[in-house]
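See below for the structure under consideration.
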Amino acid sequence: MHPEQNPTNGTMSGIVVAGLLVLSIGGGAAFWTWNQANAVQDLAGQAMLEERGARITLLSVHLDKASRHIKEQEAELESLRKAVAAAEKTPTPVPAIDTAGAADRARLQSEKMELRRKLDRFEKREKEKKRIEMAKKYRRSNRLGRSLEVYQRRVLDDTWDLASRLAALDILRQHGARTPEAARSMMELLLGSATDPEMRTKILQGLRGLRYPEMIVGLLQMLTSESDNGVRLETIATLAYFNEDESVRGALGETMQYDDSAEVRERAATALAEGGD
């Protein structure tokens, strides 16, 4: 019998095809489940990051309110001190023979003593308030410091996704805590694995305002090699903080004169003239 007419061959072929189909479906389902699990993990990490950032911001607000309250109390204390000083300078009436004069002197002396006692009580109360407030401030500062250390580690940890690392960098920016190590880590991403223009733009925005000299070489490389105008505009905005450096001024000057984009040329001229914001 010819092989193509053999029913056994047809049956075996069907079994093989069915098996491959089952394996394909199972593999696809497993891949989809793995992707979903990663997505859920990323969302949970981002939510935790945002929640910690909100708590840090709330602590900063409370700290600002407490500082304003202390300043108000200090102003009140100074006013009271001036009142005591003025009262002590008030001349005592000339002694009089009559009883009324003696009563006036006694009343004035009593008012001075009461004002002094009031000032003493106020100063003691304010001293205790300051002691308590400083203790609270120290505890809040310690908590904030520990939280910022977490975000520092996250920026440097390449096991986190780029979005989470950028969110951590933004929190550090809000608290003036971006370190040279964080800047170097972001520059490595900028010049390496961050291939999406939007991601490169966000990295540059997270670095803007820093003046670490080790950033200059990488930023100049970005200025000359980057093809996306939006990214180049952000590069110039970041370089503007180094506009006193001769190499930066030279690169910005060439960009101002020869770049194909009028917007890029204008931004370079502004960076040369005005520097960073």
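Does at least one position in the range 174-191 carry a residue that is hydroxyl-bearing (Ser, Thr, Tyr), open to solvent by 80 Å² or more (accessible area, probe 1.4 Å) and farther than 22 Å from residue 275 by Cβ? Checked against the condition, which is being hydroxyl-bearing (Ser, Thr, Tyr), open to solvent by 80 Å² or more (accessible area, probe 1.4 Å) and farther than 22 Å from residue 275 by Cβ, the range 174-191 yields no hits at all.
Take residue 271 and decide whether it is aliphatic (A, V, I, L, M) and farther than 21 Å from residue 163 by Cα.
Working: aliphatic (A, V, I, L, M): yes; farther than 21 Å from residue 163 by Cα: yes.
Criteria met by residue 271.
Could you say whether any residue in the range 52-69 is modelled with pLDDT of 65 or more, acidic (Asp, Glu), assigned to a helix (DSSP H, G or I) and open to solvent by 80 Å² or more (accessible area, probe 1.4 Å)? For the range 52-69, residues modelled with pLDDT of 65 or more, acidic (Asp, Glu), assigned to a helix (DSSP H, G or I) and open to solvent by 80 Å² or more (accessible area, probe 1.4 Å): present. Identification of helices (runs of 4 or more DSSP H) wholly contained in the range 179-277 with 1 or more residues that are out of contact with any helix residue (DSSP H, G or I) (no Cβ under 8 Å at 6 or more places or on another chain) yields 180-191, 197-207, 216-225, 246-258, 262-274. Quick one: in the range 209-223, of everything that is under 21 Å from the mean Cα position of the chain (by Cα) and crowded, with 16+ Cβ neighbours inside 10 Å, which residue is nearest to residue 275 (Cα to Cα)? Among residues in the range 209-223 that are under 21 Å from the mean Cα position of the chain (by Cα) and crowded, with 16+ Cβ neighbours inside 10 Å, the one nearest to residue 275 (Cα to Cα) is 210. Checked against (1) open to solvent by 40 Å² or more (accessible area, probe 1.4 Å); (2) among the small types (Gly, Ala, Ser); (3) at pLDDT below 90, residue 194 meets all criteria but (1). Looking across the range 241-277, the residues that are open to solvent by 60 Å² or more (accessible area, probe 1.4 Å) and charged (D, E, K, R) come down to 244, 246, 249, 254, 260, 263, 265, 266, 267, 274, 277. Residues that are over 30 Å from residue 83 (Cα atoms), modelled with pLDDT under 75, more than 13 Å from the chain's Cα centre (by Cα) and loosely packed, with under 14 Cβ neighbours inside 10 Å within the range 117-167 comprise 135, 136, 138, 139, 141, 142, 143, listed in sequence order.
The values are calculated or read from the model by the stated rules, or taken from the named source; none is laboratory data. Here the structure is a predicted model, which means the values were calculated and not measured. So basically every Cβ, Gly included, is an ideal-geometry build from the backbone, and we count neighbours across all protein chains shown. For the accessible areas, the whole protein counts, side chains as well, though only heavy atoms, and no ligand, DNA or RNA atoms are used. Shrake-Rupley method; radii C 1.70, N 1.55, O 1.52, S 1.80 Å.
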